[in-house]
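Below you'll find the structure, written out as structure tokens, and then a few comments.
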Amino acid sequence: MKRPRKGAKRPPAARHPRKRPTIEAIMAERSVIMAVIVASGVPARDRQDVAQEILLNAWRSVKRGMYRPDPKAEPRKALRGWLYGVSWRKVGHHLKSAYVRRVVLSAQPLGWLPEPTGPSLEAQVAAREVLDAMTELPPWQLEAFLSMDDPLSLVAYARRRGMNPSTAASRLRIARKALAMKLRRWRRCR
């Protein structure tokens, strides 16, 4: 006699001998499979695929010896009950799969994408070009551009640096022209 499983309160259920119904007998009970599929709410577009998957899994289970009906039960009722269980489990797996939960079929899939919230792609490319062109400027011209980011005025910036405000304005003007020239050259080359 087999010992009960560790932690089990009762011994495992009786194991009946293996039976091997034919694939034709399983396919004859396709109505049970379709009833479970429809009752579970599988979308119509997926029903034939799920039914085929259930039939294949049922046949594989029979080949592995997992179909063990009670010898006292009527053979057709036992097969239908077993197929109901296989179908119920397989449909549950199908409905919980990420594919079924998240897929959205659309003729225009890009129409479902959210609108971009940041800068446009063209603006990002243009900003990258400006930054790349600025890396080739001499340090004094970069410093002139940084003066524009200062919260104080250009005059206050020039006084902090110990230079004449006209010199600071001239440097900024020269830096702007140099950057514009570099950008024109870059855009012609590309």
- [ ] Could you please tell me which pairs satisfy a Cβ distance under 8 Å, a separation of 6+ or placement on different chains, a first residue in the range 64-85 that is of a type in the set (Phe, Trp, Tyr), and a second residue that is surrounded by 12 or more Cβ atoms within 10 Å (Cβ to Cβ) and part of a loop (DSSP other than H, G, I, E, B)?
- [x] TYR67/ARG18; TYR67/LYS19; TYR67/PRO21; TRP82/TYR67; TRP82/PRO69
- [ ] Quick one: count up the residues across the range 66-84 that are closer than 13 Å to THR22 by Cα and either aliphatic (A, V, I, L, M) or more than 38 Å from the chain's Cα centre (by Cα) (or both).
- [x] 3
TODO: Could you list, in sequence order, all residues of the range 164-182 that are over 23 Å from THR135 (Cα atoms) and surrounded by 13 or more Cβ atoms within 10 Å (Cβ to Cβ)?
DONE: PRO165
Task: Filter result (small (Gly, Ala, Ser) and out of contact with any helix residue (DSSP H, G or I) (no Cβ under 8 Å at 6 or more places or on another chain)) within the range 36-72 - done: ALA39, ALA44, GLY65
Task: Close pairs (7 angstrom Cβ cut-off, 6 or more residues apart or separate chains): part of a helix (DSSP H, G or I) in the range 141-160, surrounded by fewer than 16 Cβ atoms within 10 Å (Cβ to Cβ) and charged (D, E, K, R) anywhere - done: TYR157/ASP150
Task: Condition check for ARG185: at pLDDT below 85, exposed (fewer than 15 other Cβ atoms within 10 Å of the Cβ) and among the charged types (D, E, K, R) - done: yes
Open item on the list: Of the residues ALA156, ALA133, ALA127, only one is small (Gly, Ala, Ser) and in contact with a helix residue (DSSP H, G or I) (Cβ under 6 Å, 6 or more places away or on another chain); which?
Closed with: ALA133
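The values are calculated or read from the model by the stated rules, or taken from the named source; none is laboratory data. The model shown is predicted, which means the values in this text are computed figures rather than measured ones. Because the Cβ atoms are built from the backbone with ideal geometry, glycine has one as well, and the counts that use them run over all protein chains shown.
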